[in-house]
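Colleague: Sharing a structure, written as structure tokens. Questions coming.
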Amino acid sequence: MKALFPVLFICVAALGAPVVADEDRRNVYVGRHLGSGGQNNDHGPFIASFLQIRFNSLPNELEKTAALKSYMNARKVLYEEDAGQTPAEMIGKFDIDKTTLMILSGVFFRVQSQAYSNVHLGIPSRDFRLDFTDTNIQVRADFPAGAQFIELLFLYAMIKEAVRQGLSWKEVISPMHTRAKELATNDIPSKANQLRTIREDLERLTP
Amino acid sequence: MRRACLAKSLGAVAALLAHGSLCGPVAAQERNRDQVGVVVPAFEAESEIGLHVAHAIKSGVQTQLSSQDPVTGVKGIGHAISYYVPAAMASTSHESAARLARLNGLQGTVWGYAVPLRDGVAIQAHLTLSEPFEDFRSKKREIWSHEFAGMTLDLGPPRMAIAFLPSTFSLDFVERFGNRSEIEYCRIDSGECRTFSTPEIERAFGIEDDRALVRRGHIDYYVNFPNTALLKSDIIDYTGIFLSYARGNLRQTIQLSDRYLEVHRDVSSRIDVLLYRAAAHARLSQFKEAWESVDAALRLNGTAPRVLRYAIMVELSSANALTDRARSLSETLLNMSPGTDAFDVAIGKLVQ
């Protein structure tokens, strides 16, 4: 066999931003995450960047369809300092900004690379709102599933929104549903109740 | 093939008999010189830590690259490499990673980003596989082909893009074993040790305890690699399973899968590993074991298209007929899948 000589060649994908109607756009807002223990620096932008990269990768990890890609590309993760800190402020954000899909804000522990966020997702006026508190965003040696839990919440919100919009099960919802179902099956004792709620709802949504 | 079968030692024959098969299954696992591998570019990071993480992962993957059949002891079941690239991808995406693998003539890229902490480093790693392309291999063994009813059904790996569980590693480990210029290579023949400052191509061909057996510049070396959290991570284990499958070392796939399922708990990846194991058993004509794996995957997610595809393939391979079970699984697949996958299109025609 002819030897293969690896060639270093890295290409930059020139990805054009898709055109999305304003009413279809949905955003994940990341609010302030001040450092714990007297650190006043805000890690919100860092977390927003972390989640943006993670959520951008997601469509390629699911069964790929053009409709799914288009739907997921219409979502952005944005840092917004005033997204809200208290539950009331965060819920209020959904009324002020109709593009809101999910809000996270909380505190950040740099040493163990973990962030505790209050998470709100969904649209209050449309039969869908879930509140989660003390949710790990990043990773801890003893809790690697934290980041996956955030991914599950994001997918769950995206599924609910797709159902609300009446999008195609096969083309849009099913690939997200498959992944969400597996994430919701992971055993996370501290999130047992929330996982059960999501699992039951995902079962209900299965045609 | 036949000669290779006859040449096996008595011990190897006994091992094969214990596995429920003799020369028939060997046809599915034959010696070959095809090369498969993954590229590991520097992880995206604010500092040099991204280089160290990538090199540590590259070295970890290397320890899994034995060319030996773990049951028969036969060596030379394909070649596998992990190739370190001392630069991060310009764009951190699965598309860029697939392109990088293809441009290097390899089957996948392990990539990601690293966040330095005060006492360690947190990483998010991915494995992206490239779509099949024309390469120099005689056979693409990661594609499972089965002739049925005048059609060729081709089934690729369960998933082409994976996000591993985020992990943390100690700074000490990453700095000691991520910095390639400080890794000691000890000659197997003389025991003489040295370091290399350049990331030249090296091929690992075996593992003994915590040492990888590496060939570099026609000389064989031991490279010590500590049995740490990285070596036990799903990044290394999952990538090892894919590479063993792609090189056609199906018994090694089964062995690595068994170990993975004992250690790792992430449901999505467990499903994939069960499917790799099912395919490896089925391709060795061990259908009872194949069904055990598929049934376990179905219990975890009985509506996932990739699970249904493997279940259908195992059923068609074992029964060689469109049974009621194959038909039922196919109907569920066609209900759940967008129908764009070539396998699904073929199944659609089959059950019409």
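The numbers here are math on the coordinates, done by the rules we state, and not lab data. The structure displayed is predicted, hence computed values, not measured ones. Cβ coordinates were reconstructed from backbone atoms using ideal geometry, including for glycine residues, and neighbour counts include every protein chain displayed.
Colleague: When only alpha-carbon atoms are used, what values of Rg and Dmax, in angstrom, describe chain B?
Modeller: Values for chain B (Cα only, Rg and Dmax): 20.6, 66 Å.
Colleague: How crowded by other chains is A:166-178, given as the mean number of beta carbons from other chains within 10 Å of each beta carbon?
Modeller: Counting Cβ atoms of other protein chains within 10 Å of each residue's Cβ and averaging gives 3.
Colleague: Counting Lys and Arg as +1 and Asp and Glu as -1, what is the net charge of the other residues whose Cβ lies under 14 Å from the Cβ of B:Val294?
Modeller: Here the charged neighbours net out to +3.
Colleague: For chain B, what is the calculated [θ] at 222 nm in deg cm²/dmol (nearest 500), taking -39500 (n - 2.57) for each run of four or more DSSP H residues and dividing by its residue count?
Modeller: Details: 13 runs with 146 residues, N = 352.
Dividing the helical sum by the residues of chain B leaves -12500 deg cm²/dmol.
Colleague: Do you know the relative contact order of chain B, to the nearest whole percent, from alpha carbon pairs under 8 angstrom that are 6+ apart?
Modeller: About 16 percent, as a whole number.
Colleague: Inside 10 Å of the C-beta atoms of B:331-341, what's the mean count of C-beta atoms belonging to other chains?
Modeller: Across B:331-341, the average partner-chain Cβ count within 10 Å equals 4.
Colleague: Still on this structure, I have one more. Dipole of segment B:108-195, Cα-centred, from +1 at each Lys and Arg C-beta and -1 at each Asp and Glu C-beta, to the nearest 20 debye?
Modeller: The dipole of segment B:108-195 has a size of about 60 debye.
Colleague: Among B:Ser269, B:Val351, B:Leu256, pick out the residue whose Cα is farthest towards the positive end of the charge dipole of segment B:201-352, where Lys and Arg carry +1 and Asp and Glu carry -1 on C-beta, about the Cα centre.
Modeller: B:Val351
Colleague: Compute the acute angle (0 to 90°) between the alpha-carbon long axis of helix B:287-300 and the principal axis of greatest extent of the alpha-carbon atoms of chain B; round to the nearest 10°.
Modeller: The angle comes out near 80 degrees.
Colleague: Now for a separate question. Using +1 on the beta carbon of Lys and Arg, -1 on that of Asp and Glu, and nothing else charged, what's the dipole of segment A:32-91 about the Cα centre, debye to 20?
Modeller: The dipole magnitude comes to about 320 debye.
Colleague: Just name one of B:Ala280, B:Ala122, B:Tyr222: the one whose Cα is farthest towards the positive end of the charge dipole of chain B (beta-carbon charges, Lys/Arg +1, Asp/Glu -1).
Modeller: B:Ala280
Colleague: Quote the charge dipole size of chain B about the Cα centre in Debye, to the nearest 20; the model charges only the Cβ of Lys and Arg (+1) and of Asp and Glu (-1).
Modeller: Computed charge dipole of chain B: roughly 960 debye.
Colleague: Let me ask another. Which one of B:Glu46, B:Glu134, B:Glu184 has the biggest mean-square fluctuation once chain B is modelled by GNM with Cα springs under 10 Å?
Modeller: Maximum fluctuation in the GNM of chain B, among the listed residues, is at B:Glu134.
Colleague: Helix B:49-62 sits at what angle to the longest principal axis of chain B, using alpha carbons and giving 0 to 90 degrees rounded to 10?
Modeller: The helix B:49-62 is inclined about 50 degrees to chain B.
Colleague: For chain B, find the longest principal axis of its Cα atoms and tell me its angle to the long axis of helix B:250-263, 0 to 90°, nearest 10.
Modeller: 70 degrees
Colleague: Let me ask something else about it. Between B:Arg327 and B:Arg259, what is 0.36 nm times their sequence separation minus the Cα-Cα distance? Round to one decimal in nm. Could you put the intermediate results ahead of the total?
Modeller: Working: separation 68, 0.36 × 68 = 24.48 nm, distance 3.29 nm.
Full extension from B:Arg327 to B:Arg259 adds 21.2 nm.
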